[in-house]
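The values are calculated or read from the model by the stated rules, or taken from the named source; none is laboratory data. All values reported here derive from a predicted model rather than from experimental measurement. All Cβ positions, even for glycine, are placed from backbone atoms using ideal geometry, and neighbour counts span all protein chains on display.
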Amino acid sequence: MNKLELTETIFAIKKEKQLSWQAIADGIDMSIVWTTSACLGMNSFPKEQAEKLMEFLGLPEESLPVLMEYPTKEWDKSVPQDPLVYRLYEVVGVYGDTLKEVIQEKFGDGIMSAIDFEMDVQKEENPKGDRVILTLNGKFLPYKSW
């Protein structure tokens, strides 16, 4: 079994059992964003969470090393076609340089870590249409001179 096959298995079980990502995350005591990302193969599970996921979903024993395997974090570099993913791509395209300027003005020359990082998704009900609130929280890493 490889990561792609395991991801497909997880999706099939999720659909069969009518589970939400939140229910799966709660079942392994992790955040919804991290759990979903790890189930999609973009993060490796620590052994304890891998075992919890296997028990919660009824995954076969051979899933353990695959869940714990370090991922290669690659993605298709073409413009995304899915409308939601495209809009996030568009946000970075339109506001990426602005965010870079503002972050560097406030913190100095450096980057926001995607390793020492947390992300959250919230829903805000609004009479004009519900709002999506994305929180990206990463440690600032200054560039060093040598």
Original post:
If residue 6 passes every condition in (1) surrounded by 15 or more Cβ atoms within 10 Å (Cβ to Cβ); (2) without any contact (Cβ under 8 Å) to a residue 60 or more places away in the chain but one, which one does it miss?
Top reply: (2)
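Residues checked against (1) in contact with a Lys or Arg (Cβ under 6 Å, 6 or more places away or on another chain); (2) of a type in the set (Gly, Ala, Ser); (3) surrounded by 12 or more Cβ atoms within 10 Å (Cβ to Cβ); (4) within 22 Å of residue 37 (Cα to Cα):
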position	(1), (2), (3), (4)
90	no, no, yes, yes
95	no, no, no, no
118	no, no, yes, yes
126	no, no, no, no
137	no, no, no, yes
**OP:** Would you mind finding the one in 123, 139 that is touching a residue at least 24 places away in the same chain (Cβ under 8 Å) and either within 28 Å of residue 30 (Cβ to Cβ) or outside the structural domain of residue 33 (by TED's automatic domain parsing) (or both)?
**Re:** 139
Subject >> Identity of the residue in segment 39-70, assigned to a loop (DSSP other than H, G, I, E, B) and among the aromatic types (Phe, Trp, Tyr), that ends up nearest to residue 23 (Cα to Cα) >> reply: 45
**OP:** Name every residue in segment 67-99 that is of a type in the set (Ser, Thr, Tyr), modelled with pLDDT under 90 and closer than 30 Å to residue 1 by Cα, in order of residue number.
**Re:** 72, 78
